[in-house]
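The structure appears below as structure tokens.
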Amino acid sequence: MHHETLDQKPAIQTIAFGTGTCALGLALVAATSQGICAILLGSNEKALAGQLRSIFPHAILRKAGKEFEETLNHVVEHIEMPTGALALPLDVRGTAFQKRVWNALEEIPAGQTVTYKELALKLGATAQEIGEACAANAHAVAIPCHRVVRSDGGIAGYRWGVNRKRLLLQREQEMFPDPQSLFAKTALIRGQASF
């Protein structure tokens, strides 16, 4: 197992956040002076703020004003059309191993998937360790952990719900078809997913 400590950041810092609506429900976007530190998906603004508090228990959280709207809109546009890397700086926190996994995830193009096992072999880890690193990702869609699937092409856990993961993959497959994708080969139920 990879047991490193998380990056050390100042104990008390201010994090501004805002919430917008997207096809996946609500998106909470949070930022420090270093960049976007979280993109969380959910259905309830209070619950999302609670998740943000649990990720950053010592930070001063403040609801952002009008100055944050452009950033929020840019992130929501990226969630709707993830055609590449998010063109905003990210403040990514995690262990060295988690960051290696997240960097590898950013190399997976929209419309394609890899398996936990494939990623594990590439990084010299276990599939479980890859899954744990994906689960620790606080940057929904920007760090595309939703593009990792089981060896049989099935959809496994997703921090923001498997229905959101399924919808993300379906939308990306429709926008950027990849006939070799394991996801494209699985039988999917079309229609609106409930979150």
Relative contact order (%) - region 96-185, alpha-carbon pairs under 8 angstrom, separation at least six: 36 percent
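Cα-Cα over 29 Å: which of 63/165; 63/117; 46/122?
Values: 63/165 27 Å; 63/117 40 Å; 46/122 39 Å.
Over 29 Å Cα-Cα: 63/117; 46/122.
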Percent relative contact order for the chain, counting Cα pairs under 8 Å at least six residues apart, stands at 21 percent
Computed over the chain, the distribution of all Cα-Cα distances in 5 Å bins, rounded to whole %, is 1, 8, 16, 20, 20, 16, 11, 5, 2, 0
Hey, could you get me the Stokes-Einstein D for region 14-80, Kirkwood radius over alpha-carbon pairs, 10 °C and 1.306 mPa s, rounded to whole µm² s⁻¹? 135 µm²/s
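Quick one: divide the alpha-carbon radius of gyration of region 96-185 by 2.2 N^0.38 Å and tell me what you get.
Working: Rg = 11.8 Å, N = 90, 2.2 N^0.38 = 12.2 Å.
In units of the globular-protein estimate, region 96-185 measures up at 0.97.
Taking the beta-carbon count within 10 Å as an exposure proxy, list 92, 75 from fewest neighbours to most. All intermediate terms of the calculation are to be shown ahead of the outcome.
Details: 92 19, 75 25.
Least to most surrounded, the residues fall as 92, 75.
Only the coordinates and a few stated rules stand behind these numbers; no lab work does. Model, not experiment: these values are computed from the prediction. Note that each Cβ is placed from the backbone with ideal geometry, even for glycine, and that neighbours are counted across all protein chains shown.
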